[in-house]
Every structure is written in structure tokens, then in C-alpha cells.
1. HN-Hα J couplings of the range 239-252 from phi, Karplus 6.51/-1.76/1.60, θ = phi - 60°, integer Hz, Gly and Pro as x?
2. Under a 5 Å amide H to amide H cut-off, with H placed in plane at 1.01 Å, what residues pair with LEU241 once short-range neighbours are removed?
3. Would you list, by chain and number, the lysines whose Cα falls below 17 Å from the Cα of LYS228, excluding same-chain residues fewer than 8 positions away?
4. Given charges of +1 on the Cβ of Lys and Arg and -1 on the Cβ of Asp and Glu, with all other atoms neutral, how large is the dipole of the range 80-125 about its Cα centre, in debye to the nearest 20?
5. Determine the gain in length on full extension of the stretch THR88-VAL173; use 0.36 nm per residue of separation and subtract their C-alpha separation, reporting nm with one decimal.
Amino acid sequence: MATTKHSPEQEEATQGGALLQPIQRRAFLRYAGFTACATGLLLAGCDDDDDDVENGIDVGSGDTGVLNYAYALEQLEAAFYAQVKTGTYYTGLNASSAERMILDDLAIHEKAHADFFKTALGTAAIKQLEPDFSSINFNDRSSVLNAAKAFEDLGVAAYNGAGRFIQTPAYLVIAGKIVSVEARHAGLIRDLLAYNSFVDNDVVDLFTPTSGTSGPGVGNGTGLERSKRPAEVLTTANQFLKSGSKVSANNLR
């Protein structure tokens, strides 16, 4: 029987299309399981670059390093929301309340993101990290939501700052899809804390005139989400990781 040969570009488009199909929010966990079939696409040509570093682990270099960097942050967020659900703040919420359903959805999404990267990376994945949330009072609404705000804002800034290191276009598309979800999370949490704060100047570059003037102000007015480089992101993230689980990204430059 005759077979049709496809060019490498056609093969990549076919595989990438299957991987990047839109999915419904509550079906996201099933999507994470599907990535077992896509591992070959994600890791083609990549080496296992993660090396143990003093008191922790380095994510590695190249695309594998970027994926492990994202995996580390998603692990942290997934662990945070899992612990949120054990505190009296969460358990005291009415099961049908919007606030509890938001936290439920965020927990599902972050677990799905972490599972996605773990499955896609396979043996190239960094180890399971151990969080340290001792500074967070999971029985207090303000403590939980302010920590959630910090994690979500950090995640968005991290994806935005890491995009420059991605070498494979298909991975950039995946990162764009995930960061858009993270930005929705950040907006929801910010509005739970203070209505209409989701576009505050600390996360979006807005032009703000200085007091009493109409002239030059704070920010360039680009309207773009602020981004952070890996070193800055991990300085914050490592505050919530135990010794031996602290992460570096020395080879992402």
C-alpha cells in the first residue's frame, strides 16, 4: 500500500496542532495526561541539563531549562493551593460561594500545569520540590489571598520574562497559552482583595502623571504586563522552598 510522506514541517504542524488544541477549563487534567503522547515533540533534541547545585537544583539550559523553570514554579503554586484547602479560611467558605469555587478552579489549573510539565519532561524533569509555607497563615483570608496574589503575579512575570529564552516556536505557543491562564488567576485574586486592582501599575506599565502635573509621570504607558528575569523570580520563589529544594537558573541568560 502506498504511503504519503510528509515534510518535517508538515509533521511538526500535525503534532503541534494535536498538542495545542483548545480545551475546556474543567477538562484540563485530562489534557495533562495526553502529554505522554507529546513527550517526543517537546523533548526532541534536548538533553538532561539539570545539575544539582549547592543547597538545591539548577533547572538546566536551553528549552529543557525553560520548561524545568516553569515546572518548578507550577509545582510551588500547585502545592500552595493544595495547602489552602486544608486551612480554616477555605473550609469555612460555603461550598457554593464564588470565592471557594475560584480557589477550587485555581487548584485544579495549577495541578494540571505541574502535571503537564512533569509528563512532558519525562526523565529530564527536575525533582519534586518541597515547599515551605510557614510564613503563610492558611486560616486567615488576608494571608492566603495576599500570598496567592504574590504567587500569581510572580508566575505571570516569570513566563513573560522567560519567553526570550525559548528556542522552539511550538513551546512559545504553549507558554503563551499557560501564561494567559495565570494572568486570569492573578486578575481574579486581585479583585477578591480589592475591586478593579487587576491592572494596577505594579503589574501593568501604565502612564501615571506625577502629583499636581500633567507632564512626565511613572511608567512609559506601554500597557504591557511587567516581566521579570529568572534570577529575580527565583529570589522570591526560593523563600517558599525548603533547603535542598531551592532552585537556580544559572544557565538561562
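Read-outs throughout are calculated quantities, based only on the coordinates presented, and are distinct from any laboratory measurement. Worth saying up front: this structure is predicted, and the values here are computed from it rather than measured. Note: ideal-geometry Cβ built from the backbone for every residue, glycine included; neighbour counts use all protein chains shown.
1. 5, 10, 10, 6, 4, x, 10, 5, 10, 10, 9, 5, 9, 9
2. Close amide H contacts, sequence-distant or interchain: ASP132.
3. Qualifying lysines at Cα under 17 Å: LYS149.
4. Details: 4 positive and 5 negative charges, 24 e Å.
So the magnitude is around 120 debye.
5. Details: separation 85, 0.36 × 85 = 30.60 nm, distance 3.85 nm.
Fully extending the segment from THR88 to VAL173 adds 26.8 nm.
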